[in-house]
Amino acid sequence: MKVYVDPERCQGHTLCAMIAPKVFQLDDVDGHSSPISEDVPADQEELVAEAVRSCPERAISLIDEH
Amino acid sequence: MSAQGAPQGEERKRNRYDFDRHAPGYRERFVEITEEMQSRCPVAWSETHGGHWVVSGNRELFEIARSAEYLSNDHDVKGERRGYQGINIPYAKRGKGMRGGFLEMDPPEQRHYRQALNPYLSPAAIQRWIPFLDEVARACIDEKIEQGSIDFIDDLANVVPAVFTLAMMGIPLRNWTIYNEPAHAGVYTRPDSPEMPRVIEMHIAMMRDLAGQLADVRKNPRPGLVDALVHAEINGQTPPDDELLGVLALLIGGGFDTTTALTAHALEWLSENPGERDRLSRERDTLLDSATEEFLRFYTPAPGDGRTISADCELAGTEFKEGDRVWLSWAMANRDPSVFPEPHTVDLDRKGNRHNSFGLGIHRCIGSNVARTAFKRMLLQVLDRMPDYRCDPEGTVHYETIGVIQGMRQLPATFTPGKRLGPGLDETLEILQKVCDEQRLAEPVTVRTTRADIPR
């Protein structure tokens, strides 16, 4: 699975990093999110799915490559 | 407030609802009105206040609020552009001639202001202040811990956000009392109240202090949000003082009453649900974040914002015309059952909680990290130091109307007394002022990355 944060949509609500801190990092200056790595470790998939469901701007996509 | 029957006038305004956010009935019948609007007219035309749209459906709000190309926040106080009236519906007479900072601006100016202030307010910037916040909350609780009774508004939830906001701005902490009362009373006092002249007087004193701070920081530079504004280049220019004062007033308004309202409502709910309070305290490592988001969703301290449609368009199935006024109800959209199952229930570990309490799109509350952090630090100390507190419903006073902030004026509580841990509030603020000055705590995160170090 790969995760993508749309920088045009993200407004820095920070919920994703609260839910999956091992996957999302927040910019020090404006708090906008980006994935630490686009490849999601298997043990993080559930948390990333929850981050996708919780993003107020619907800026996160989780893409199944299979 | 009621639904209206036969369509009249323009076809595009056929879904009608008589809506008044300032009416006492809106607070009393909030759930009923929300359910009625969402099921019948999630985008409704209301003839009240000169006629405006009201968006209560979550999906509709999501589409409309994020359509920056068709929405304007502009408050054109000098009649230089298109005469738009900013974010208040009805137009706030008290705010006439005063632009509400970058919340009443559009890009690029709005973006330039946020870029100037973000490094003071980002998650990384706010993390540095946790020891400071903990010390202010500790002192507030110490003032009351031996007597076993507290008013959570007067003695805690008003104080911590006020002192913290001034600290970040670079304004002397002891001045918090100049700002505290007008910041709250200006929200809950009805325009026709006999109290209003006194509130206006306090508001004038607050604005005079802000103007003085602006001048003082120019003369004797010290770090903080005021300094950031003094040096901000907005569209390549230094903005005039009246515009900067509007920004400073926005920071005060955004920083004070909102976090107070969130904290008060959460403490009241936890008193009414002691089993959930104990669970939250026990499972704080996994539950505190989701509980905070749920209190934000359920109580939505700032319940909505106005916009002006800047070009003819069709959004969420409704035809809008340039100049139309639109009320975006974050509070009602946060109760939409199509997005939030059992929306009128507080569920501390709610999943998929994509609430709108900090707004949506480019105007996302710039203080969202301030609010969350201050709230959590206050709540944790209450849970630790007065775990059996009980609020007194007889003495509790909610704001009569929820048009601006869904807040509270009084929230008295009793608890098993405990021991003081340190000095009282005044002495603590003197110590913290020194820390602010010596460690330059109010520098942006781009300049100082280390946490506050509080001597004890």
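Read-outs throughout are calculated quantities, based only on the coordinates presented, and are distinct from any laboratory measurement. What you see is a predicted model, and the numbers here were worked out from it, not measured in a lab. Please note: Cβ atoms are built from the backbone with ideal geometry, for glycine as well, and neighbour counts cover all protein chains shown.
Some notes on this structure:
- Computed extension length for B:Q433-B:E342: 28.2 nm, one decimal, from 0.36 nm per residue of separation with the Cα-Cα distance subtracted.
- Short-range pairs are left out: with C-alpha atoms under 8 Å and at least six residues apart, the relative contact order of chain B is 26 percent.
- Residue-averaged 222 nm ellipticity for chain A, from DSSP H runs of 4+ at -39500 (n - 2.57), nearest 500: -6000 deg cm²/dmol
- If R0 is taken as 45 Å, the Cβ-Cβ distance between B:Y91 and B:R174 corresponds to a FRET efficiency of 0.80.
- Relative contact order (percent, whole number), the range A:2-63, Cα cutoff 8 Å, 6+ residue spacing: 46
- Percent of beta bridges antiparallel (DSSP, chain B, rounded to nearest 5): 85
- Footprinting exposure proxy ranking of A:E45, B:E342, B:E60, A:E38, fewest other C-beta atoms within 10 angstrom first, gives B:E342, A:E38, A:E45, B:E60.
- Multiplying the residue separation of B:K321 and B:R284 by 0.36 nm and removing their Cα-Cα distance gives an extension gain of 8.5 nm.
- Placing R0 at 41 angstrom, the Cβ-Cβ distance between B:A215 and B:D18 gives a FRET efficiency of 0.30 after rounding to 0.05.
- Descending principal axes extents, chain B, alpha-carbon based, whole Å: 68, 54, 44
- Order by protection proxy (mean Cβ within 10 Å, highest first), peptides B:399-407, A:1-9, B:324-332: B:324-332, B:399-407, A:1-9
- Tail fraction, Cα-Cα pairs, the range B:353-456, threshold 25 Å, whole percent: 47
- Partner chain coverage, peptide A:53-60 - average Cβ within 10 angstrom: 5
- Cα-based shape type of the range B:232-286, given that a ≥ b ≥ c are square roots of the gyration tensor eigenvalues and the cut on a/c is 1.5: prolate
- For chain B, adding -39500 (n - 2.57) for each run of n ≥ 4 DSSP H residues and dividing by the number of residues yields -14000 deg cm²/dmol at 222 nm.
- Once the Cα gyration tensor of the protein assembly as shown is diagonalised, semi-axes √(5λ) in Å: 33, 28, 26
- Pairwise centroid distance, computed over Cα atoms, of the range B:115-184 with the range B:248-313, Å: 16
- Judged by the mean number of other Cβ atoms found within 10 Å, the most tightly packed of the peptides B:240-247, B:301-308 leads the ranking B:301-308, B:240-247.
- When only alpha carbons are used to place a centre, chain A and the range B:18-71 end up 31 Å from one another.
- Inter-site label distance for B:D241 and A:E46 at 7 Å from Cα along Cβ, in nm: 6.0
- Neighbour counting of Cβ atoms within 10 Å sorts the residues B:K434, A:K22, B:K13, fewest neighbours leading, into B:K434, A:K22, B:K13.
- In this structure the amide hydrogen of A:H32, modeled in the peptide plane, comes within under 5 Å of the amide hydrogens of A:D27, none closer than 5 places in sequence on its chain.
- Dimensions in Å of the range A:2-63 - Rg and Dmax from alpha carbons: 10.1, 30
- Packing-based exposure ordering (other Cβ within 10 Å, fewest first) of B:L262, B:L383, B:L421, B:L210: B:L421, B:L383, B:L210, B:L262
- Note on the range B:224-354: along the principal axes its Cα atoms extend 55, 45, 21 Å, ordered by decreasing extent.
- Across peptide B:121-132, the average count of Cβ atoms from other chains found within 10 Å of a residue's Cβ is 3.
- Rounded to 5, the percent of DSSP beta bridges in the protein assembly as shown classed as antiparallel: 90
- The modelled label-to-label distance between B:A205 and B:Q127, using points 7 Å beyond Cα along the C-beta direction, is 4.0 nm.
- DSSP H segments from chain B that extend 27 Å or more along their own axis, Cα-based, with Kyte-Doolittle mean of 0.0 or above: B:196-219
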